[in-house]
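Okay, structure first, notes after.
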Amino acid sequence: MRVRDLESQLIAAETRIGQLTASNVRKTDQVKHLATLLSAERRSADNALHGQAVRTAAVRQDNARLAGQVADLRRSWSMATADTDLSPEQVAALRDRLASLRDRLASLRDRHEELVTAYQRLSAAAEVAAAERVQLQGIVRQWDTLCRRLAKAVAGQTVSAADKKILATHKRFRSAVAGPDRGRPANENGGDRS
């Protein structure tokens, strides 16, 4: 029985050794695979670092070139403006003139606003006056007609004081509104416009 136990233990040990060997092979393969990946990553990182170093060097060169150009521009600007520098008195005079011009502009703007307001007010009044003139022209024509009729009706008769006053007022009105070419009422030649 002891031999059988030993055989059985031997078989179990061999099986276990086979299992451990297979596991060891798998682990070795995994380590080799990971070593290959690590090597590839290191190469990739080295390439990236090298590329970044090249780009950094290029940026530094561009910065140096641009800094030189800025310095050149500053030098040329200071040389160009050296001839046009103004004295403090000239600057003060220009500032005073600018302030004066600003004040004048503000005054002109205020005056412009006043004129716009006045123009709008006068335009509105002119529209009202034009409408009233049209109405008054009609009234004056009717008054002319009535006064002519009154004069015809009282011709050769004794005229009452009220009628004399009406006719005298009409005559004074016509004399006042008659201009050099307006000596006669508008409807004197055309007869009555009633």
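Derivation of every value follows stated rules applied to the coordinates shown; laboratory data play no part. For clarity, every value in this text was computed on a predicted model and none was experimentally measured. Positions of Cβ are generated from backbone atoms using ideal geometry, with glycine treated the same way; all protein chains shown enter the neighbour counts.
Modelled this way, with points 7 Å down the Cα-to-C-beta line, the labels at ASN63 and LEU115 are 6.1 nm from one another.
Straight-distance candidates among the lysines for linking to LYS152, with alpha-carbon spacing under 16 Å and chain neighbours fewer than 8 residues away dropped: LYS164, LYS165, LYS171. Distance between the pseudo-spin-label points of ARG95 and ARG43 (7 Å out from Cα toward the beta carbon): 7.2 nm. Taking the convex hull of the alpha carbon positions in the stretch 1-85 and averaging its projected area over all directions gives 8.6 nm².
The three principal axes of the Cα atoms in the chain give end-to-end lengths of 181, 73, 26 Å, sorted in falling order.
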